[in-house]
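No lab work stands behind these numbers, since they all come straight from the coordinates. All values reported here derive from a predicted model rather than from experimental measurement. Note: ideal-geometry Cβ built from the backbone for every residue, glycine included; neighbour counts use all protein chains shown.
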Amino acid sequence: MTLLAQHLTRSGMKEIVWQQQPWAALWVVCKDGSCVALTYLRDQDVIGWHRHSFGGADVKAISATAIPAAEHDRLWLAIERRIGGSSKRHIEYLADEFWPEPASAKDAAFFVDCGLAYDGWNGDPGKTLALAGGPPWTVGQSKTLAAAGHTPFGVQDVGRVYRFRREGEVWPAVSVMVQFVQDAATALVTLLDDIPASLQGTAVAWWGRAVTEVGGLQHLEGETVQLLADGATHPDRTVLDGTVALDRPSVVVQAGLAYESRLETLDLEAGAADGTAMARPRRIHRAAVRLFGSLGCEIGYEPGLLEEVPFRGATTPMGSSPALFTGDKLVNFPKGWDRAAHVLVRQRQPLPLTVVAIAPRLTTNDG
């Protein structure tokens, strides 16, 4: 299987692990601390190697194993990296395949290394919140927030933001801020958004507590972490006392070490008028890239010559993150003539990216 990719395991194989589900992949920990994998679906003629790098400094894969989980095999890894000037080892597992429900949801996307997540959405349908009061239900109005089946409020909730959404709807959610706590089940709030009629005076189980900081990150003390807050990218933060502060109140937050994903084609051979195009001057002037459930990426020729793919449209509300995109993106290449021709797709944000196809438009100099 390594006949056409011998360079990937040149240092020698230290450990081999087979993960049958969901990807049918052979994972290899190499003696130099690198990690590679082989996707192997013989009946579909799919045999492909891929490298896997990890976030952080001086990172090495020490060991790996695959343990059966509820619906698939879960890959577990022992990873060593330098944190705070010394080597630390952590046991980590590969996050489950990201299939948002509904398809537009991205708040649960987990694309950071050695990270943790905070999820403040209520998971108990027996614990509801209801907004009570008369019209108008517009920004700045004061209403009463009443709990049923639980007593969530305390003095620590003053200034806290609560969010609500209708069942089956992800974003946008509507928000209120606690101004005064009357008792453990009742609070006076100010509306931060207009409240739709379906949420006025209705007991809602889809509610969440927003936070302005997340903790539990002592294992990354002093490291710069990448954040995804309510499905939108957030400025990087440095972990101090196991905690990072947020720019905005958020209900779902992922925090961890950043990593870079790359997909690069081999040298493209499109032929020439009198034979092969190999070693002839060629120019890719445009490329169409078909994406599935993706957001945030760059496409081009090499790291210094990449175009950021636009995802925000004229109808995307300012202050909100664009929806996941499925379809074709057409990108112009800022690259002139060269004797090599390839396409590079790069993702550096903690967001999903699935490339289905790449269709470059290429001109070959036949002279």
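So the values come out like this:
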quantity: Distant-in-sequence amide H partners of residue 15 (H built 1.01 Å from N, under 5 Å); calculated: 29
quantity: Three-way shape call for region 1-97 based on the alpha-carbon gyration tensor, with the a/c threshold at 1.5; calculated: oblate
quantity: Karplus-derived 3J(HN,Hα), 6.51/-1.76/1.60, for each residue of region 333-345, Hz, glycine and proline x; calculated: 9, x, 10, x, 6, 7, 8, 10, 9, 8, 10, 10, 10
quantity: Two-site FRET efficiency, residue 144 against residue 248, from Cβ-Cβ distance with R₀ of 30 Å, rounded to 0.05; calculated: 0.75
quantity: Exposure proxy order (Cβ contacts within 10 Å, fewest to most) of 297, 114; calculated: 114, 297
quantity: Nearest-0.05 FRET efficiency for residue 47 and residue 72, computed from C-beta distance (R0 25 Å); calculated: 0.75
quantity: Distance between region 27-57 and region 260-339 - C-alpha centres, whole angstrom; calculated: 24
quantity: Distance violations [Cα-Cα > 30 Å] among 60/329; 106/127; 31/106; 88/127; calculated: 60/329; 31/106; 88/127
quantity: Sites excluded, trypsin sites (Lys or Arg not before Pro) in DSSP loops with at most 13 other C-beta within 10 Å, longest stretch of the chain; calculated: 32-311
quantity: Set of aspartates and glutamates with alpha-carbon distance to residue 14 below 19 Å, sequence-local pairs under 8 removed; calculated: 32, 58, 80, 92
quantity: Loop-resident sites, region 1-80, for GluC sites (Glu not before Pro), counting at most 10 other Cβ within 10 Å (DSSP); calculated: 71
quantity: Residue-by-residue Karplus 3J(HN,Hα) for region 13-19, coefficients 6.51, -1.76, 1.60, Hz, glycine and proline x; calculated: 8, 9, 8, 10, 10, 9, 10
quantity: Extension gain (nm, one decimal) between residue 24 and residue 99, 0.36 nm per residue minus Cα-Cα; calculated: 25.2 nm
quantity: Normalised contact order of region 1-97, rounded percent, pairs of Cα under 8 Å and 6 or more residues apart; calculated: 19
quantity: Spin-label zone in region 120-152 - amide nitrogen under 12 Å from a point set 7 Å from the Cα of residue 202 along the C-beta vector; calculated: 131
quantity: Per-residue Cβ neighbour rank within 10 angstrom, fewest leading, 72, 234, 7; calculated: 7, 72, 234
quantity: Relative contact order [Cα under 8 Å, 6+ residues apart], the chain, whole percent; calculated: 14
quantity: Within straight-line cross-link reach of residue 143, aspartates and glutamates at Cα separation under 19 Å, skipping those fewer than 8 residues along the same chain; calculated: 157, 183, 193, 194
quantity: Relative contact order of region 115-180, defined on C-alpha pairs under 8 angstrom at six or more residues apart (%); calculated: 24
quantity: Added length on full extension, which subtracts the Cα-Cα distance from 0.36 nm per residue, residue 290 to residue 212; calculated: 24.4 nm
